[in-house]
Amino acid sequence: MKPLKFFIPIVMALVAVLCFAPTAWAFCGFYVSKADAKLYNKASQVVIARDGDRTVLTMANDFQGEVKDFAIVVPVPTVLQKEQVRVAEPKIIERLDAFSAPRLVEYFDSDPCAQLYEYDKPQAVPAPAARSQEAGRRGGTDNLGVTVEARFNVGEYDIVILSAKESGGLETWLHQNGYKIPKGAKDLLKPYIRSAMKFFVAKVNLDKFEDSGYQFLRPLQISYKSPRFMLPIRLGMVNAVSEQDVIVYILSPKGQTETTNYRTVKIPSDANIPLYVKEEFGEFYKSMFQTAYNKEDRKVAFLEYAWDMSSCDPCSAEPLSREELKQAGVFWLDGDSGNGVPAPRRGVRPPVFNSNVFISRLHIRYTRNKFPEDPMFQETSNRESFQGRYILQHPFLGEIKCPAGREYRQSLPKRFEQEAQTLAKLTNWNIQDIRRKMKLTVGDITNSWWEQFFSWLGL
């Protein structure tokens, strides 16, 4: 059996969006590239669609290995029945990732000798409720304190829902029944048992997987009703040898979602960085994220994107259609009047429909000592737009024959030096290496350097 991943690598697309109105300058630009989930070798992706106490959760872990060895144990707040579980297509998670990924944009300075009008001036960047039914098949293993609350098959997965009285018995039961879970799971199972949570346990039915014709394991999607709004991540720490990443796409009819037991911090954004970063944006973003993570003492959830899903600015991918949103778990669209959804700003791609869906993309990097608790969430009414956005500002390279042009030209060395310092601060990269890559002269930045810059450009 070939090594498998839970999600298909994402095909990166270049989409250009031009903004025309001055009110759109805060976010617009030419989209260049994005920092999506495939930057991280060990990143889980989870989609949570929630309205009130109803939740649809889609899980796409980054499992690699033989399909026969796959097993997943997920604490859930209630006993699930077969109709509450389905398999989803990886494409939906890819679409959410592409739509919400931190992005690189670029601007081009206009001719400083052309008459300036105000509109030419860049402004400062400032599930349906689960039905309660009796379990179809119940089985008890009194000596281990484990009860099989339900057992069924969905797609290529064999699934059991378990309850347990103590973690040692649950760990033993899983091993005895052929589930290859990591050693040391016992201690991490205890808090869930104390909270009277159930356990959603899945493994691959090899015959059904081979008959399905799928090359990859598909994400699992579960729907349930519970006042608990949380994500159980601690079991992912059992055999972790390094920091773990989880990217959570939370879809809500209200507004931004934030963590309640950890601080939610916006990722550094709206920074002008050197032009050469265009060729190494992935490395830039990883370094920038790690630097911000260390600065925040490695115990926060980073907000990478927050937006009404009926539009985007600039778009790194097309907004999801109504059908795609439903596949992602959004269950409140039928009969939606669209009330409460603000009209798009001028210069922003118009919505295909008023989705009444707000996305919050949270990126959590966690370790056992810094994230001792599962993240708890809350919906808010805050519909403020935010994105991780990084700016390349190209200088004007045409002929300059006016005083304003000469002043513009004299201001550029200082601007480029500021970009170098910003990049060093964001990434902790060596400032001299940055200047060297920018073709800056080490030491004082002078007008003679500017001449060298034009020479390097072949002008």
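The values are calculated or read from the model by the stated rules, or taken from the named source; none is laboratory data. The shown structure was predicted, so the numbers you read here are calculated from the model rather than taken from an experiment. Neighbour counts run over all protein chains shown; Cβ positions are idealised from the backbone, glycine included. Surface accessibility is based on the protein's heavy atoms, side chains included, excluding ligands, DNA and RNA. Shrake-Rupley method; radii C 1.70, N 1.55, O 1.52, S 1.80 Å.
For this structure, a couple of remarks:
- The set of residues in region 148-167 that are among the small types (Gly, Ala, Ser) and either modelled with pLDDT under 90 or open to solvent by less than 10 Å² (accessible area, probe 1.4 Å) (or both) comprises Ala150, Ser167.
- Selection count, region 381-404, where residues are farther than 30 Å from Cys113 by Cα, open to solvent by less than 30 Å² (accessible area, probe 1.4 Å) and part of a loop (DSSP other than H, G, I, E, B): 1
- In region 405-431, residue most open to solvent (accessible area, probe 1.4 Å) [restricted to those that are within 15 Å of Tyr276 (Cβ to Cβ) and hydrophobic (A, V, I, L, M, F, W, C)]: Trp429
- For Ile434, the requirement of being at pLDDT 95 or above, part of a helix (DSSP H, G or I), aliphatic (A, V, I, L, M) and open to solvent by less than 10 Å² (accessible area, probe 1.4 Å) is met.
- If only residues of region 239-263 that are within 17 Å of the chain's Cα centre (by Cα) and aliphatic (A, V, I, L, M) are counted, the one that is modelled with the lowest pLDDT is Val246.
- Residue in region 236-258 that is among the polar types (S, T, N, Q), in a strand (DSSP E or B) and in contact with a Pro (Cβ under 8 Å, 6 or more places away or on another chain) present: no
A quick yes/no check of all residues on (1) over 29 Å from the mean Cα position of the chain (by Cα); (2) within 24 Å of Val248 (Cβ to Cβ):
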| position | (1), (2) |
| --- | --- |
| Arg383 | no, yes |
| Phe386 | no, yes |
| Gln393 | no, no |
| Arg406 | yes, no |
| Ser411 | yes, no |
| Lys414 | yes, no |
| Gln418 | yes, no |
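- Whenever a residue of region 88-102 is closer than 22 Å to Val154 by Cα, its partners that are assigned to a helix (DSSP H, G or I) and open to solvent by 10 Å² or more (accessible area, probe 1.4 Å), lying with C-beta atoms within less than 6 angstrom and at least six residues away or across chains, give the pairs Ile92/Gln327.
Quick grid of which residues meet (1) among the polar types (S, T, N, Q); (2) within 16 Å of Ser252 (Cα to Cα); (3) open to solvent by less than 10 Å² (accessible area, probe 1.4 Å):
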| site | (1), (2), (3) |
| --- | --- |
| Arg298 | no, no, no |
| Asp308 | no, yes, no |
| Asp313 | no, no, yes |
| Leu320 | no, yes, yes |
| Lys326 | no, yes, no |
| Val330 | no, yes, yes |
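- Residue match in region 247-266 (condition: surrounded by fewer than 22 Cβ atoms within 10 Å (Cβ to Cβ), farther than 23 Å from Asp53 by Cβ, of a type outside the set (A, V, I, L, M, F, W, C) and touching a Phe, Trp or Tyr at 6+ places or on another chain (Cβ under 7 Å)): yes
- Selection of first residues in region 130-159 that are under 24 Å from Tyr214 (Cβ atoms) and of second residues that are open to solvent by less than 40 Å² (accessible area, probe 1.4 Å) and at pLDDT below 50, restricted to Cβ pairs under 9 Å at least 6 apart or on distinct chains, gives the following pairs, ordered by first then second residue: Arg151/Ala135; Arg151/Gly139.
- Number of the exception - Thr291 against (1) open to solvent by 10 Å² or more (accessible area, probe 1.4 Å); (2) of a type in the set (Val, Ile, Thr); (3) closer than 13 Å to Leu104 by Cα: (3)
- Residue-level analysis places Ser226 outside the set of residues that are surrounded by fewer than 20 Cβ atoms within 10 Å (Cβ to Cβ), of a type in the set (Ser, Thr, Tyr) and closer than 28 Å to Ser385 by Cβ.
Conditions (1) in a loop (DSSP other than H, G, I, E, B); (2) at pLDDT 95 or above, marked per residue:
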{"position": "Gln290", "(1), (2)": "no, yes"}
{"position": "Glu304", "(1), (2)": "no, yes"}
{"position": "Val330", "(1), (2)": "yes, yes"}
{"position": "Asp334", "(1), (2)": "yes, no"}
{"position": "Asn339", "(1), (2)": "yes, no"}
{"position": "Arg346", "(1), (2)": "yes, no"}
{"position": "Asn356", "(1), (2)": "yes, no"}
{"position": "Ser360", "(1), (2)": "no, yes"}
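- Candidates in region 168-202 are the residues that are in contact with a Gly (Cβ under 8 Å, 6 or more places away or on another chain) and surrounded by fewer than 22 Cβ atoms within 10 Å (Cβ to Cβ); of these, the one that is modelled with the lowest pLDDT is Lys186.
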